[in-house]
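To start, the structure under review is shown below, and the notes come after it.
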Amino acid sequence: MTGKLRPGEARNRRDTVAALFFLLPNFLGFVIFTSGPVIFSLAASFTNWNLQQTVPFRWVGFGNYGRLLADPEFHLYAVNTAYFLLGMPLAIAGSLCLAMMLSQKLKGIVIYRTLFYLPSFTSGVALMILWKALYNPDFGPVNAMIDWVTHSLHLSIAAPQWLLSTQNVLGLDVEKVGFAAKQLGIGARDAIIIMGIWTAVGGNNMLLYLAALTNVPQELSEAAELDGAGPWQVFRNVTWPQLAPTTFFIVVMSFIGGLQGGFEQARVMTAGGPAGTTTTLAYHIYTKAFEEFQIGYASAASWVLFALVFAATAINWKFGNREVSY
Amino acid sequence: MRVFFAVTFVVLIGLSLLAWSIRPNVAEPGKTALTWVSDDNPARREQISLFNRLHKDLTLRLDPNNTGMEKVIVQSLAGVGPDLFDCYDTFQLSAYVKSGIAWDVTDELAKLGLDPAKQTWKAVQADSIYEGRAYGFGNNVGADAVWFNKSIFDREGIPYPKGPWRWPEFIKLAQRLTHRDANGRATQFGFMCEWWQWLHFVYQFGGRVYSEDGTRCVVDSPETVAAVQLLYDLIYKYKVMPSPVEEAAMATQGGWGSGTITRFGADKGAMALGGRWWLCTLRDYKGLRLGVVECPYSVKRVFRGYGKGTLINKNSPHRQEALKFLIYQAGRDYNQLISDQADALGPVVKFAYEPRYLMNPKHPEEDYNVVWRDALERATPDQYSPFINGQVALRLLNKQLDLVKNNQKTAKEAMRDAALQLNREIARGLEQDPELARRYRETTGRTAPGGAQ
């Protein structure tokens with residue numbers, strides 16, 4: 001046995017060192033800017049850390065977690081966040097329909113695909129400002145159309161006040177978790193859901209479905225048609241099962257995005273209002289940390305949000321995955 | 001492949017070194033650069049320019065991108081904060097002091113013969129003096145009055161209003177000046193104001209946000225409820241002020257000098273509650289003929305005073321140089337510039353009593369400057385409680401005001417709930433903060449709200 005390495009081993013070691021050297025900048029960046037802050041926030045969640053330094057810094061154990069679980073505001077904003085997920089099935093179904101239409105072999109289809117994908121590469125803030133104008137209750141095109149229709153049909157229905165209204169289609173109360181008849185209607189939350197659906201239908205989900213549709217074996221569809229299956233049966237029994245892995249992926253990602261979302265809309269369109277109805281957990285965490293300086297509490301809220309996302313993903317994985325055959 | 005990565009690495013290092021070597025100089029050679037985080041008001045650059053002309057060894061730059069208390073605190077604590085920053089109310093001041101980023105300049109100013117407590121308007125002291133110590137100097141200050149559009153009054157054959165006056169008289173006039181088309185849509189409003197100005201109403205109804213000692217929220221008092229009710233009635237009962245929907249219909253996008261100012265400037269309203277600083281925008285409206293009258297009052301002839309102080313970052317490496325900016329704010333040059341620009345009023349009282357304040361030769365048509373000064377004499381600064389986080393209080397109050405504004409709650413219900421929530425927040429703060437609890441005990445003789453002696 002000698003201390004010398006064989007030529008192959010020496011080259012492998014050199015390659016490993018070189019690889020590690022090149023990976024190092026990225027790894028350092030990840031540690032400093034991603035995993036470091038994540039671990040730091042976990043530690044902070046067990047403290048009373050307040051940027052104003054009014055209270056002596058100390059460990060509070062699960063105090064922040066206990067406080068936020070008993071905090072009615074946190075519950076309200078969790079309900080708001082869940083409410084925004086209502087648009088998710090419609091957005092996914094819309095993406096699928098659009099992808100099926102855009103998968104046709106038609107002249108100029110690339111232009112259509114580009115046009116429908118346009119919202120995805122347009123500045124989010126610009127889109128939100130545009131929608132804010134569309135939702136203008138008095139002069140916005142949306143209400144102008146509603147007014148025109150109701151007037152033509154001689155209906156005495158007032159058009160919604162959109163971003164200015166606390167009402168919602170489920171009649172959720174504004175100040176406590178529950179329902180209130182006077183809140184039944186259409187308001188800011190619904191306005192944001194509609195905008196979200198519009199943005200998502202032609203977005204990345206549509207691209208994923210387009211890619212998945214090209215992978216559906218043509219011979220399966222043809223065989224089904226030869227057996228006398230109509231278009232709906234072909235879709236129901238051939239195409240849809242083949243799209244299941246993609247659908248599953250889209251549902252999981254949409255759930256994660258939905259639970260973490262709502263920040264930009266609240267920041268740009270509503271400031272979380274009216275009366276907190278468009279404040280989501282993500283926006284609430286921002287407010288607590290950077291406007292009210294309760295870093296410890298906000299960190300705990302972040303970790304509860306993470307737990308919710310994790311649980312939702314796990315449930316999706318456990319039950320949704322059963323329907324998926326790869 | 002390894003060669004490719006190695007070459008890429010070397011090129012990136014080389015580019016980084018190049019970028020470092022050609023980075024722009026923040027100050028001219030031999031000059032010290034100072035950064036001031038403030039709003040991008042059109043007047044601000046002229047104020048900076050004058051300072052730079054007067055101080056050849058310094059270069060002051062405006063940083064409008066990092067305004068916001070959270071950014072200032074976080075950046076200053078991290079050692080990359082500005083040298084100077086603005087403060088808009090006592091809560092912000094307390095936050096800056098408690099965060100340890102505001103430099104106590106009491107002794108430094110005293111050495112220079114400056115005493116903000118004696119020399120500046122009371123309304124701006126709340127932005128720079130905290131618990132008897134000065135952490136900065138006033139920047140500008142004002143109190144709101146009623147702007148009126150002379151052309152509209154002339155067109156309608158209505159004489160210009162004169163103060164002092166009361167709300168019933170005002171409402172009758174505003175109703176005469178409000179016009180709607182056949183569909184009920186307003187073509188001209190008699191009056192405009194923003195809901196964030198609600199404290200202006202509260203103070204003159206004799207109401208308060210907190211008790212005298214700051215230990216309790218008292219917005220459920222009949223006086224405060226009456227003030228909020230008046231705001232509501234101006235929209236929904238007297239219909240002289242735009243509702244949220246009507247406001248949205250006239251809305252312009254945000255930015256400095258937007259909202260009510262632009263609507264008023266565009267002849268959408270005959271009268272509007274606002275400050276002298278509106279002129280920074282309204283002077284650009286060609287043909288707009290303006291007048292100003294004291295705001296009507298209810299029980300007390302007092303108005304809400306507000307302003308802005310400039311503080312020095314305790315961690316700044318250029319504290320002594322930054323101090324020169326505070327001295328500049330205390331001087332005639334700066335105060336006269338503020339007066340000429342109409343960026344509210346200068347912070348130092350005595351300069352508002354010089355003839356130059358009353359008559360700006362470039363704007364002889366502005367013959368109403370005395371109204372602003374009189375309003376400021378009667379102005380009361382915003383109340384503050386050390387027992388609650390001001391941002392939390394603001395959020396809770398705004399939520400309840402939103403509900404009133406949107407016709408979801410009566411003023412009485414909303415203010416009752418706001419008081420409950422704020423007092424609950426105060427109680428929670430006392431449980432968590434031993435220092436606050438000690439202070440509360442010393443103030444009230446009790447350990448907790450409604451608690452044992």
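The values are calculated or read from the model by the stated rules, or taken from the named source; none is laboratory data. Predicted model, so just to flag it, every value in this text is computed and none were measured. So basically every Cβ, Gly included, is an ideal-geometry build from the backbone, and we count neighbours across all protein chains shown.
Per the conditions (1) more than 13 Å from chain B (Cβ to nearest Cβ); (2) in contact with a Gly (Cβ under 6 Å, 6 or more places away or on another chain), the sole criterion not satisfied by A:T47 is (1). In summary, B:S76 fulfils each of the numbered conditions (1) touching a residue at least 40 places away in the same chain (Cβ under 8 Å); (2) in contact with an Asp or Glu (Cβ under 7 Å, 6 or more places away or on another chain) with the single exception of condition (2). Going through (1) part of a helix (DSSP H, G or I); (2) out of contact with any Phe, Trp or Tyr (no Cβ under 9 Å at 6 or more places or on another chain) one by one, B:R439 falls short only on (2).
Looking at B:R166, is it touching a residue at least 40 places away in the same chain (Cβ under 8 Å), of a type in the set (D, E, K, R) and more than 30 Å from B:I48 (Cα to Cα)? When the stated conditions are applied, B:R166 passes them. The C-beta contact set for region B:316-342 (first residue without any contact (Cβ under 8 Å) to a residue 40 or more places away in the chain and among the hydroxyl-bearing types (S, T, Y), second residue in a helix (DSSP H, G or I) and surrounded by fewer than 19 Cβ atoms within 10 Å (Cβ to Cβ), distance under 9 angstrom, 6+ apart or interchain) comprises B:S339/B:R356. For region B:42-55, a residue qualifies if it is among the hydrophobic types (A, V, I, L, M, F, W, C) and either closer than 21 Å to B:T281 by Cα or in a strand (DSSP E or B) (or both), and the qualifying residues are B:A43, B:I48, B:L50. Taking the criterion of being under 18 Å from the mean Cα position of the chain (by Cα) and surrounded by fewer than 20 Cβ atoms within 10 Å (Cβ to Cβ), the residues of region B:334-379 that qualify are B:R373, B:E377, B:R378. Residues that are within 11 Å of another protein chain (Cβ to nearest Cβ), over 17 Å from A:I194 (Cα atoms) and either crowded, with 18+ Cβ neighbours inside 10 Å or out of contact with any Leu (no Cβ under 6 Å at 6 or more places or on another chain) (or both) are absent from region A:117-125. Taking (1) closer than 27 Å to B:L50 by Cβ; (2) in a loop (DSSP other than H, G, I, E, B) in turn, B:T447 satisfies each apart from (1). Give region A:129-151 a look and list any residue that's away from chain B (no Cβ under 13 Å), aliphatic (A, V, I, L, M) and closer than 20 Å to B:G184 by Cβ, or say none. If the condition is that a residue be away from chain B (no Cβ under 13 Å), aliphatic (A, V, I, L, M) and closer than 20 Å to B:G184 by Cβ, then A:I146 is the only one that fits. Just one of the numbered conditions (1) over 19 Å from the mean Cα position of the chain (by Cα); (2) within 14 Å of chain A (Cβ to nearest Cβ); (3) crowded, with 21+ Cβ neighbours inside 10 Å; (4) in contact (Cβ under 8 Å) with a residue 40 or more places away in the chain is not true of B:G429: (3). Within region B:79-123, if we keep just the residues that are part of a loop (DSSP other than H, G, I, E, B) and within 11 Å of chain A (Cβ to nearest Cβ), the residue that is surrounded by the most Cβ atoms within 10 Å (Cβ to Cβ) turns out to be B:I101. For region B:343-352, check the following and say yes or no: at least one residue is in a loop (DSSP other than H, G, I, E, B) and farther than 24 Å from B:W103 by Cβ. Within region B:343-352, one or more residues are in a loop (DSSP other than H, G, I, E, B) and farther than 24 Å from B:W103 by Cβ.
I'd like to know if region B:29-41 contains one or more residues that are part of a helix (DSSP H, G or I) and either under 30 Å from B:S339 (Cα atoms) or at pLDDT 90 or above (or both). No: region B:29-41 contains no residue that is part of a helix (DSSP H, G or I) and either under 30 Å from B:S339 (Cα atoms) or at pLDDT 90 or above (or both). Filtering region B:353-365 to residues that are over 22 Å from B:A117 (Cα atoms) and either β-branched (V, I, T) or outside any loop (DSSP other than H, G, I, E, B) (or both) leaves B:P355, B:R356, B:L358. Give me the residue from region B:406-426 that is farther than 13 Å from B:V218 by Cα and at the interface with chain A (Cβ under 8 Å from one of its Cβ atoms) and, out of that set, modelled with the lowest pLDDT. Across region B:406-426, the extreme among qualifying residues is B:N406. Could you grab me the full set of residues in region A:50-66 that are in a loop (DSSP other than H, G, I, E, B) and within 14 Å of chain B (Cβ to nearest Cβ)? Within region A:50-66, A:N50, A:L51, A:Q52, A:Q53, A:T54, A:V55, A:P56, A:F57, A:R58, A:V60, A:G61 qualify. Just one residue in the set A:A314, A:A229 is more than 14 Å from every other protein chain (Cβ to nearest Cβ) and not in a loop (DSSP other than H, G, I, E, B); that residue is A:A314. Filtering region B:10-28 to residues that are outside any helix (DSSP H, G or I) and free of Cβ contacts under 8 Å to residues at least 12 places away in the same chain leaves B:I22, B:R23, B:P24, B:N25. Of all the criteria given as (1) of a type outside the set (A, V, I, L, M); (2) in contact with a helix residue (DSSP H, G or I) (Cβ under 8 Å, 6 or more places away or on another chain); (3) surrounded by 15 or more Cβ atoms within 10 Å (Cβ to Cβ), the one not satisfied by B:D213 is (3). Taking B:E247 as the residue in question, decide whether it is closer than 19 Å to B:D382 by Cβ and without any contact (Cβ under 8 Å) to a residue 24 or more places away in the chain. No; evaluated as a whole, the condition is false for this residue. When B:K324, B:K300, B:K314 are screened for being outside the structural domain of B:S49 (by TED's automatic domain parsing) and either within 22 Å of B:R208 (Cα to Cα) or surrounded by fewer than 20 Cβ atoms within 10 Å (Cβ to Cβ) (or both), only B:K300 passes. For residues that are buried (at least 20 other Cβ atoms within 10 Å of the Cβ), of a type outside the set (F, W, Y) and part of a strand (DSSP E or B), tally how many sit in region B:164-210. So the count comes out to 3. The residue of region B:56-71 that is farthest from the other protein chains (Cβ to nearest Cβ), among those that are part of a helix (DSSP H, G or I) and more than 18 Å from B:G138 (Cα to Cα), is B:P64.
Number of residues in region B:283-304 that are under 21 Å from the mean Cα position of the chain (by Cα), part of a strand (DSSP E or B) and aliphatic (A, V, I, L, M) equals 2.
On the given criteria, is B:Y384 outside any helix (DSSP H, G or I) and touching a Ser or Thr at 6+ places or on another chain (Cβ under 9 Å)? Taking the combined requirement at face value, the residue satisfies it.
Yes/no matrix, rows are residues, columns are (1) of a type in the set (A, V, I, L, M, F, W, C); (2) within 14 Å of another protein chain (Cβ to nearest Cβ):
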position: A:P241; (1), (2): no, no
position: A:F255; (1), (2): yes, no
position: A:Q265; (1), (2): no, no
position: A:G276; (1), (2): no, yes
position: A:A282; (1), (2): yes, no
position: A:Y286; (1), (2): no, yes
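Residue pairs whose Cβ atoms lie under 9 Å apart, sitting 6 or more positions apart in sequence or on different chains, and linking a residue in region B:433-448 that is facing another protein chain (nearest Cβ under 10 Å) to a partner that is surrounded by fewer than 16 Cβ atoms within 10 Å (Cβ to Cβ), are B:D433/A:P56; B:P434/A:P56; B:E435/A:P56. The condition of being touching a residue at least 12 places away in the same chain (Cβ under 8 Å), within 14 Å of chain B (Cβ to nearest Cβ), crowded, with 18+ Cβ neighbours inside 10 Å and within 25 Å of A:P274 (Cα to Cα) does not hold for A:P72.
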